[in-house]
């Protein structure tokens with residue numbers, strides 16, 4: 001049986017239509033006519049044997065098959081463009097605006113960005129740290145070029161790659177703050193997925209809690225835990241030597257996993273952006289456990 005090929009030019013048209021929000025905009029970005037783009041989408045649907053885009057009034061909506069395909073399309077285009085960039089010799093220049101979440105261990109990602117900046121002095125990089133939902137809103141509004149954030153529970157447009165992380169309960173190494181009633185929690189502001197998981201887990205077992213400290217900065221949250229002010233949920237990458245991990249034996253139930261995603265709009269990303277994406281993916285792969293390195297369906301939630 002001969003397998004069909006998915007040409008990258010057709011996949012690029014497909015991704016551009018979705019990311020840019022229309023056939024006309026995609027045609028302008030790709031230097032094609034609108035009928036030519038429409039023809040490519042029809043060709044794509046013929047190849048996979050299913051419709052990928054529905055037009056609802058003035059809005060485009062991916063079908064179920066389209067939602068599945070676009071994840072593969074983004075991966076294939078990223079690899080294709082990285083390979084071309086390596087051999088093209090085109091200089092990496094311009095401005096890159098990167099969004100990193102405060103509700104995830106992003107220090108090692110900042111180190112990766114710093115290393116990339118030093119190796120590409122002609123690229124200006126701005127790093128914006130905020131809650132994941134704010135970072136992803138910035139990406140949708142074209143205020144952010146590359147975003148790393150926690151996946152939502154329903155729809156995750158522009159997702160290219162994801163990794164899984166299970167938060168852990170943490171308290172001061174010495175002290176009994178974790179034995180207090182109600183349990184004092186140190187958290188990021190409301191809207192943080194880590195905060196939501198802590199509260200949900202404690203409610204599920206009927207343990208009382210109260211928020212005693214709120215701060216968007218991970219370093220300040222670490223301080224609150226280390227000094228015995230409260231208990232929180234962290235990743236193992238942000239666990240400090242003067243902290244201890246709390247388990248079921250301590251009365252703290254296992255927390256629901258977090259799925260971290262890398263997002264960008266492919267038609268808007270420069271060669272410099274592709275280079276940084278490659279660096280970030282490499283760093284995330286190094287840090288993640290093998291089973292958490294996945295290509296996620298962008299409908300998957302956490």
Residue in region 50-64 that is under 18 Å from the mean Cα position of the chain (by Cα) and either crowded, with 17+ Cβ neighbours inside 10 Å or on the phi < 0 side of the Ramachandran plot (or both) present: no
Report, by residue number, each residue of region 105-148 that is surrounded by 12 or more Cβ atoms within 10 Å (Cβ to Cβ) and assigned to a loop (DSSP other than H, G, I, E, B). 105, 106, 120, 131, 143, 144, 145
Look through 218, 258 and report the one residue that is touching a residue at least 60 places away in the same chain (Cβ under 8 Å) and touching a strand residue (DSSP E or B) at 6+ places or on another chain (Cβ under 6 Å). 258
Looking at (1) surrounded by fewer than 17 Cβ atoms within 10 Å (Cβ to Cβ); (2) over 25 Å from residue 69 (Cα atoms), which one does residue 185 not meet, given that it meets all the others? (1)
Give me a count of the residues in region 197-212 that are under 26 Å from the mean Cα position of the chain (by Cα) and surrounded by 17 or more Cβ atoms within 10 Å (Cβ to Cβ). 3
Among the residues of region 40-56, is any at pLDDT below 90, outside any helix (DSSP H, G or I) and more than 22 Å from residue 159 (Cα to Cα)? yes
Which members of region 261-272 meet the condition of being in a loop (DSSP other than H, G, I, E, B) and either farther than 25 Å from residue 140 by Cβ or touching a strand residue (DSSP E or B) at 6+ places or on another chain (Cβ under 6 Å) (or both)? 270
In this structure, is residue 152 modelled with pLDDT under 90, surrounded by 13 or more Cβ atoms within 10 Å (Cβ to Cβ) and assigned to a loop (DSSP other than H, G, I, E, B)? yes
Just the residues that are crowded, with 16+ Cβ neighbours inside 10 Å and part of a loop (DSSP other than H, G, I, E, B), please, taken from region 229-252. 229, 230, 235, 239, 252
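The values are calculated or read from the model by the stated rules, or taken from the named source; none is laboratory data. Owing to the predicted nature of the structure, the values given are computational and were not obtained by experimental measurement. Heads up, the Cβs are rebuilt from the backbone with ideal geometry, glycines too, and the neighbour counts pull from every protein chain shown.
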